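Below is one structure, written out as structure tokens, with a few remarks after it.
The values are calculated or read from the model by the stated rules, or taken from the named source; none is laboratory data. As the structure is a prediction and not an experimental result, all values here were calculated from the model. Cβ sites come from the backbone with ideal geometry, for glycine too, and all protein chains shown count toward neighbours. These area figures cover heavy atoms from the full protein model, side chains too; ligands, DNA and RNA do not enter into them. Shrake-Rupley method; radii C 1.70, N 1.55, O 1.52, S 1.80 Å.
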Amino acid sequence: MILDIVQYGHPVLRQKCRPVELVDDRIRQLASDMLETMVDASGVGLAAPQVGEDIRLAVIDVSHDPDCVSLLKVNGADAELESLMPLVFINPELTCSQEKETAVEGCLSIQGIRAEVRRPAAVIAKLPQLDGAVLEIETDGLLARALQHEIDHLNGVLFVDRLSAVAKVSMKNRLKRLLAEDHTG
Ligand code: NI
């Protein structure tokens, strides 16, 4: 089922989400619906608060571009992006590299706005799966960025919070206009 995507200004996007304590049918259905919703919206990631659920669950699929990472290890071994995607995880833990890089980001909850965001270039992410397995993923490129962006969502942080000071000023009025829009429709 395709879910409604919550838009900028909704308080759930600013909540620090709760850990998923128990993976039951409701959680499995929600994850499946989130994947469907992400694909329908042509997104590369979606976090539970974006569909109104304040829990630490997110989905990612960056397989549209097989060359979007130059490093990919899963539990210490070299891995193929296509076989790892789509990715569903709960209660993630993230370790970021010192080195940073800048790239353009957007968000399904902040429509019409894309901007450059500077973030750590590589990450190691510990990603518990719905079946109880834990994947430790070491990666860079778009997957590292998507992991940081989605995990930010679980902490109530949006990519517009991470813009440079100059970009924040120039974005201010556009964000205000988004807040003024009616999100009930
Ligand atoms: Ni987003």
Q. Among the candidates ILE124, ILE60, ILE110, which residue alone is at pLDDT 95 or above, more than 14 Å from the ligand (Cβ to nearest atom) and either of a type outside the set (D, E, K, R) or touching an Asp or Glu at 6+ places or on another chain (Cβ under 6 Å) (or both)?
A. ILE124
Q: Identify the residue in the stretch 108-126 that is open to solvent by 20 Å² or more (accessible area, probe 1.4 Å) and not aliphatic (A, V, I, L, M) and, among all such residues, is nearest to VAL74 (Cα to Cα).
A: LYS126
Q: Grab the strands (runs of 3 or more DSSP E) fully contained in the stretch 1-105, keeping just those with 2 or more residues being closer than 20 Å to ALA121 by Cα and open to solvent by 60 Å² or more (accessible area, probe 1.4 Å).
A: 93-96
Q: Show the residue pairs that are 6+ apart or on different chains and have beta-carbon atoms under 8 Å apart, the first residue being within the stretch 36-57 and in contact (Cβ under 8 Å) with a residue 24 or more places away in the chain and more than 13 Å from the ligand (Cβ to nearest atom), the second being polar (S, T, N, Q) and open to solvent by 20 Å² or more (accessible area, probe 1.4 Å).
A: ASP54/GLN15; ARG56/ASN91
Q: Looking at (1) part of a strand (DSSP E or B); (2) within 22 Å of ALA48 (Cα to Cα), find the lone condition where ARG118 falls short.
A: (2)
Q. Residue check, ALA144 against (1) in a helix (DSSP H, G or I); (2) within 14 Å of the ligand (Cβ to nearest atom); (3) in contact (Cβ under 8 Å) with a residue 60 or more places away in the chain, all met but one. Which one?
A. (2)
